[in-house]
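The values are calculated or read from the model by the stated rules, or taken from the named source; none is laboratory data. Quantities reported herein were computed from a predicted structural model and do not represent experimental measurements. Don't worry about glycine lacking a Cβ; one is built from the backbone with ideal geometry, like all the others, and counts go over all protein chains shown.
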Amino acid sequence: MKELIEQNSSAVEDMNKGKSKHTGVFAGFVLLSKGVWDKQQFIQDMEEKWKVSIENNDKAEDTLVFKIDDMVVAISMMNFPIPNDEALINAENNYMWKDAVKVAKEHKAHLMVAVLDKKKELIDRGMLYTKILAACCQQKYTTGIYTSGVVFEPSFYEDFADVMLDGDLPIFNWIWFGLWQDNNGLNAYTYGMDVFGKDELEVLGANTSLSKLRDFISDIASYVLKSNVELQDGETIGFSAEDKHNISRSPGVGLPNDQMTLKISWESLNE
């Protein structure tokens with residue numbers, strides 16, 4: 001098992017360096033207010049809620065390594081805050097949780113979680129990864145979940161993970177939908193599509209409400225991941241014959257400009 005971790009260690013190393021934008025890298029952190037982790041509770045929570053049985057042969061108190069359907073899971077306790085204020089910086093991205101920055105600033109320890117596998121389907125890896133983080137939300141000292149470029153409130157993360165119980169994909173656990181406003185109107189971007197091998201999406205200069213814009217871009221992201229489609233520059237996308245939106249590919253605006261993103265027009269071609 002240790003050999004499997006070593007073979008995949010580059011994924012964890014990339015996450016430690018803040019380089020999370022790599023296809024197939026499912027790695028993140030659980031913020032803790034105290035350096036205590038109840039390993040047995042985690043195993044029980046995975047069994048009871050997600051019907052995932054874990055064989056614990058790891059005697060170390062600060063680590064847990066196990067294998068599920070050929071996917072290797074590694075969880076490690078780090079009895080110190082995430083270095084370089086990385087969690088604090090990314091907590092500022094969460095406009096939906098007013099305490100995100102405070103929680104990130106005050107955390108004392110963290111769990112590092114990674115699903116390591118190069119053969120299993122990305123969706124399968126992503127779902128297992130989300131189940132693990134959702135189970136970690138049940139830990140007594142969990143204060144935040146740092147993944148997808150943002151720090152999530154544990155109750156938010158766990159609630160949205162529950163959609164998997166009904167067979168749906170946990171889009172809002174996988175993808176962060178950033179929103180901002182400028183002189184041209186409202187804008188949105190995705191963060192996390194590249195983990196699934198897809199271009200990030202952006203919608204620029206929309207004349208609408210924040211909620212409608214978020215619904216619009218999240219619907220498109222959901223369609224891309226559920227249907228495993230590849231959107232192309234110059235094509236259109238829509239949800240009806242009368243509702244078509246242009247797609248263009250160019251350097252990012254809300255995201256770094258050295259990263260190419262797909263721009264989806266807010267205005268329909270028929271308007």
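Of the strands (runs of 3 or more DSSP E) lying entirely inside the range 175-266, those containing at least 1 residues that are touching a residue at least 60 places away in the same chain (Cβ under 8 Å) and within 16 Å of the chain's Cα centre (by Cα) are 176-182, 185-191, 200-206.
Here is a yes/no grid of residues against (1) under 30 Å from residue 249 (Cβ atoms); (2) surrounded by fewer than 18 Cβ atoms within 10 Å (Cβ to Cβ):
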position: 132; (1), (2): no, no
position: 139; (1), (2): no, no
position: 159; (1), (2): no, yes
position: 180; (1), (2): yes, yes
position: 184; (1), (2): yes, yes
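Taking the listed residues 92, 153, 106, the one that is among the acidic types (Asp, Glu), surrounded by 19 or more Cβ atoms within 10 Å (Cβ to Cβ) and outside the structural domain of residue 201 (by TED's automatic domain parsing) is 153, with no other qualifying. Of the residues in the range 138-158, at least one is in contact (Cβ under 8 Å) with a residue 40 or more places away in the chain, more than 23 Å from residue 43 (Cβ to Cβ) and of a type in the set (Phe, Trp, Tyr). (1) out of contact with any strand residue (DSSP E or B) (no Cβ under 6 Å at 6 or more places or on another chain); (2) on the phi < 0 side of the Ramachandran plot; (3) at pLDDT below 95: which one isn't true of residue 71, the others all being true? Just one mismatch for residue 71, condition (1).
Kindly indicate whether any position in the range 158-169 is in a helix (DSSP H, G or I), farther than 17 Å from residue 260 by Cα and touching a Cys at 6+ places or on another chain (Cβ under 6 Å). Yes, the range 158-169 contains a residue that is in a helix (DSSP H, G or I), farther than 17 Å from residue 260 by Cα and touching a Cys at 6+ places or on another chain (Cβ under 6 Å). Evaluate the range 214-223: report whether one residue or more is at pLDDT 95 or above, closer than 24 Å to residue 169 by Cβ and of a type in the set (Asp, Glu). Yes, there is a match, as at least one residue in the range 214-223 is at pLDDT 95 or above, closer than 24 Å to residue 169 by Cβ and of a type in the set (Asp, Glu).
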